[in-house]
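Written out below as structure tokens is the structure these notes cover.
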Amino acid sequence: MALEQLKYPIGKFEKPEIITKDILAKWISEISTFPTRLINEVNHLTDEQLDTPYRPNGWTIRQVIHHCADSHMNSLIRFKLALTEDQPTIKPYFEERWAELFDSKSMPIQPSLKIIEGIHDRWTTLLNNLNNEDYQRVFIHPEHGKRIRIDENIGIYAWHCNHHLAHITEAKKTYNWA
């Protein structure tokens with residue numbers, strides 16, 4: 001498999017021209033079901049498997065799981081900022097540096113799986129109760145000065161869930177882990 005395909009096993013996020021209620025419902029469902037899908041893929045993995053990179057020069061599966069907890073915590077906060085402030089500029093973080101911290105490289109995955117379950121329960125409740133005006137609210141990402149709408153960000157994070165889940169499922173196929 002080509003390195004680009006290993007890095008982006010489901011491709012890069014592509015924003016639809018029009019984000020319909022059906023698309024939003026699908027994305028929210030993907031965010032909602034992510035914790036269960038993730039747990040089903042990783043709960044039986046050994047420490048040796050968790051410490052295996054999903055691709056050459058990539059993070060280990062353990063780091064991917066901890067990254068999802070870190071990223072999704074940040075995302076929920078960004079959603080709340082956009083819903084409660086007028087076009088806030090969010091604070092970016094260095095995810096690659098966070099992934100190199102001791103907790104991301106060494107801790108058991110269960111605390112992050114619990115975080116992901118809790119975050120996604122709250123996140124899904126929030127997302128299922130937004131109205132049309134809420135979907136149009138924005139935050140500004142300072143790295144590129146881009147205004148990101150709530151509805152688009154729902155899609156980005158549905159993709160993010162599926163993207164990292166595919167890293168894990170593809171690694172399991174590559175290494176022939178049942």
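The values are calculated or read from the model by the stated rules, or taken from the named source; none is laboratory data. Note that the structure is predicted; figures quoted are calculated from it, not measured. When we count neighbours, we look across all protein chains shown, and the Cβ atoms used for this are built from the backbone with ideal geometry, even at glycine.
In this structure, TYR175 does satisfy being in contact with a helix residue (DSSP H, G or I) (Cβ under 9 Å, 6 or more places away or on another chain) and over 25 Å from LYS26 (Cα atoms). Here THR60 qualifies as surrounded by fewer than 19 Cβ atoms within 10 Å (Cβ to Cβ), under 25 Å from GLN5 (Cβ atoms) and touching a residue at least 12 places away in the same chain (Cβ under 8 Å). Each residue in the range 77-93 was checked for being free of Cβ contacts under 8 Å to residues at least 60 places away in the same chain, surrounded by fewer than 16 Cβ atoms within 10 Å (Cβ to Cβ) and not hydroxyl-bearing (Ser, Thr, Tyr), and 6 of them qualify.
Given the criteria of a type in the set (D, E, K, R), modelled with pLDDT of 95 or more and over 25 Å from ARG37 (Cβ atoms), does GLU96 qualify? Considered against the rule, which asks whether it is of a type in the set (D, E, K, R), modelled with pLDDT of 95 or more and over 25 Å from ARG37 (Cβ atoms), GLU96 comes out as no.
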